[in-house]
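Some notes on the structure that comes next.
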There are 2 protein chains.
Amino acid sequence: MQEIKIFCPATIANISCGFDVLGVALESVGDEMVVRKIAKNGIYITKLEGQELPMETLQNVAGVAGLALLEKSTYTGGFEIEIRKKIKAGSGIGSSAASASGAVWAMNELLGRPFSKLELVQFAMEGERLASGVAHADNVAPALFGGFTLVRSYDPLDIVPIPSPSELYATVIHPQIEVKTSDSRKILKTTISLADGIKQWGNVGGLVAGLFTSDYALIGRSLVDHIVEPIRSMLIPGFDDVKSASLNSGALGCGISGSGPSIFAFSQGKKKAVEVADAMKKVYQHIGIDYDVHVSKINPEGIKLIHSSK
Amino acid sequence: MQEIKIFCPATIANISCGFDVLGVALESVGDEMVVRKIAKNGIYITKLEGQELPMETLQNVAGVAGLALLEKSTYTGGFEIEIRKKIKAGSGIGSSAASASGAVWAMNELLGRPFSKLELVQFAMEGERLASGVAHADNVAPALFGGFTLVRSYDPLDIVPIPSPSELYATVIHPQIEVKTSDSRKILKTTISLADGIKQWGNVGGLVAGLFTSDYALIGRSLVDHIVEPIRSMLIPGFDDVKSASLNSGALGCGISGSGPSIFAFSQGKKKAVEVADAMKKVYQHIGIDYDVHVSKINPEGIKLIHSSK
């Protein structure tokens with residue numbers, strides 16, 4: 001295999017109660033990448049469409065993640081990477097994670113899978129470090145493992161795949177405003193009350209149990225964030241109205257996707273997820289802010305092969 | 001049915017990462033109670049063996065929990081309760097919870113089950129309020145539901161049953177020292193770092209996932225408490241040595257049972273759980289502190305009927 005074309009999914013991180021630990025991969029939103037083996041050592045971004053992003057290897061998340069893999073590999077050649085971005089940078093649905101994890105997933109396939117998924121997560125995290133200053137795993141883990149993932153621990157890195165109920169759909173609305181990940185992290189307090197902590201880990205336990213038992217009502221009851229959402233939502237105009245509108249339309253729960261500004265909701269069934277999308281749209285139409293909206297099934301596989309050539 | 005005799009299990013609350021939300025019922029440690037219908041309205045503790053505890057209804061946790069049920073019932077008669085305590089009061093394995101939940105479970109059976117398990121938990125919590133000043137549910141929930149339970153939320157009360165792997169055994173050692181629940185709560189800080197909170201909810205998610213998938217190694221890796229154990233363990237002489245000894249003997253994890261002084265460990269298989277018990281004993285023999293030790297399978301049912309008579 002000399003060249004492969006892949007789909008790299010958008011991902012929702014945090015998921016209300018699961019700040020910094022939970023993430024989930026989407027089915028119908030994502031980038032495309034073409035990665036090919038070349039004789040010359042190194043990583044080369046040869047095409048980048050859809051977003052204005054740096055193409056120099058050391059300034060590009062796919063480049064940096066790829067170099068992290070190459071460094072641990074016995075392979076003496078290199079790779080060319082073409083990226084067709086469909087996920088907007090800074091939207092809060094794992095744009096950098098899609099590129100970083102796509103690059104290392106494709107390279108691993110082309111090399112005959114010398115690395116485990118956990119190792120690929122570690123390489124991809126180097127891309128996240130470039131993008132946000134923090135080598136977080138809550139977007140790259142679901143991109144690589146598919147479905148829901150829990151980052152139980154960073155030291156050592158421990159990724160726990162969590163199943164997803166077959167009728168679970170996500171609606172994501174991206175208001176066209178800029179919220180920098182670094183800013184949205186800065187405004188968080190470094191301490192929380194023990195009482196809020198107890199509520200939060202109760203909800204994480206409830207959400208994981210709900211996902212295992214396909215208990216949609218329990219999933220909904222657990223999608224509560226007492227700690228981060230009350231603070232970060234202040235950076236997202238219309239958040240409270242979007243949330244009320246989605247819950248009034250029958251969403252199981254609603255919260256900030258990653259560090260925002262995208263807002264996600266989960267619903268049981270596609271019909272409900274589309275109704276939720278309509279309700280969310282109306283809020284931003286009323287306020288007069290442009291938006292993108294996505295309705296997607298949960299993606300149980302993560303990154304997918306589109307085609308390969310010898 | 002006029003009278004029933006029941007087994008009321010001991011329970012381990014908190015379970016390392018699950019402070020205030022997780023609990024589990026034991027199979028081979030527990031009290032016995034006999035509860036009988038009488039014509040006279042009210043709750044009467046007619047026998048109390050094994051521990052020095054008040055028999056006046058309003059001073060007894062079974063009495064208070066029973067009255068909470070009676071208040072919501074259309075039944076105009078009353079109940080006599082005999083309690084044979086085998087769980088020592090103040091041991092940290094749910095002595096008050098066994099009595100409070102046993103009383104209401106038995107009464108509900110004798111009345112033809114007018115109340116749900118969730119309602120029984122609420123009645124039994126009134127017994128806990130008498131015992132410790134706080135109407136907590138993390139012992140009464142597993143006593144009534146069996147297996148592992150998660151108290152996802154108190155307002156509204158939401159109890160989530162979690163399955164338990166078939167080979168999971170608990171070892172519990174009770175050093176004969178007194179630690180008051182109220183004291184062990186007082187020394188806790190009211191704020192925690194966000195970083196510790198994230199670790200804690202990562203571990204709760206991991207533990208719940210491990211219990212659903214019977215992944216004993218994941219259960220073990222998740223049995224970590226960054227918040228409460230470092231503080232409360234200072235009240236339990238020999239805690240660090242007991243913990244090291246149990247882990248060195250192959251326990252999956254080890255922590256404080258409830259608010260202590262009992263220390264629990266989980267193991268895969270009875271043989272290992274017995275070896276862990278031996279290792280724990282040696283620590284207290286060396287220090288010169290008396291102890292009780294229990295090895296028990298997880299109890300998937302909770303309170304059990306021993307016999308009933310018409």
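Tabulated values for the structure
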| item | result |
| --- | --- |
| Residue that is nearest to the other protein chains (Cβ to nearest Cβ) [pool: residues in region B:187-231 that are of a type in the set (Gly, Ala, Ser) and in contact with a Pro (Cβ under 9 Å, 6 or more places away or on another chain)] | B:Ala209 |
| Hey, A:Arg185 in contact (Cβ under 8 Å) with a residue 24 or more places away in the chain and outside the structural domain of A:Cys17 (by TED's automatic domain parsing) or not | yes |
| Sole residue being at pLDDT below 95 and either in the same structural domain as B:Lys180 (by TED's automatic domain parsing) or out of contact with any Ser or Thr (no Cβ under 6 Å at 6 or more places or on another chain) (or both), chosen from B:Gly78, B:Gly90 | B:Gly90 |
| Subset of region A:296-306 that is surrounded by 22 or more Cβ atoms within 10 Å (Cβ to Cβ) and not polar (S, T, N, Q) - its residue that is farthest from A:Leu168 (Cα to Cα) | A:Ile303 |
| Scope region B:131-158; condition modelled with pLDDT of 95 or more and in a helix (DSSP H, G or I); matching residues | B:Val140, B:Ala141, B:Pro142, B:Ala143, B:Leu144, B:Phe145 |
| All positions within region B:150-175 that are farther than 20 Å from B:Ser246 by Cα and aromatic (Phe, Trp, Tyr) | B:Tyr154 |
| Residue match in region A:59-70 (condition: more than 21 Å from the chain's Cα centre (by Cα), not assigned by TED's automatic domain parsing to the domain that holds A:Ile263 and not polar (S, T, N, Q)) | yes |
| Failed item, numbered, when B:Gln51 is tested on (1) under 30 Å from B:Leu188 (Cα atoms); (2) of a type outside the set (Ser, Thr, Tyr); (3) buried (at least 24 other Cβ atoms within 10 Å of the Cβ) | (3) |
| Verdict on A:Ser91 being in a helix (DSSP H, G or I) and under 12 Å from the mean Cα position of the chain (by Cα) | no |
| Hey, B:Glu32 at pLDDT 95 or above, surrounded by fewer than 24 Cβ atoms within 10 Å (Cβ to Cβ) and more than 14 Å from chain A (Cβ to nearest Cβ) or not | yes |
| Boolean, A:Ala265 is in a helix (DSSP H, G or I) and of a type in the set (Gly, Ala, Ser) | no |
| Residues of region B:232-259 satisfying the condition of being in contact with a Pro (Cβ under 9 Å, 6 or more places away or on another chain) and in a loop (DSSP other than H, G, I, E, B) | B:Ile236, B:Pro237, B:Gly238 |
| Members of region A:159-186 found to be among the polar types (S, T, N, Q) and either away from every other protein chain (no Cβ under 14 Å) or outside any loop (DSSP other than H, G, I, E, B) (or both), listed by number | A:Ser166, A:Thr171, A:Gln176, A:Thr181, A:Ser182, A:Ser184 |
| Some residue of region A:191-205 being assigned to a loop (DSSP other than H, G, I, E, B) and in contact (Cβ under 8 Å) with a residue 40 or more places away in the chain | no |
| Residue within region B:223-245 that is in contact with a helix residue (DSSP H, G or I) (Cβ under 8 Å, 6 or more places away or on another chain), aromatic (Phe, Trp, Tyr) and within 18 Å of B:Ile298 (Cα to Cα) present | no |
| Residue within region B:141-158 that is surrounded by 24 or more Cβ atoms within 10 Å (Cβ to Cβ) and away from chain A (no Cβ under 14 Å) present | yes |
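The values are calculated or read from the model by the stated rules, or taken from the named source; none is laboratory data. From a predicted model like this one, the values you see are computed outputs, not experimental measurements. Reconstructed Cβ throughout: ideal geometry from the backbone, glycine too, with neighbour counts over all protein chains shown.
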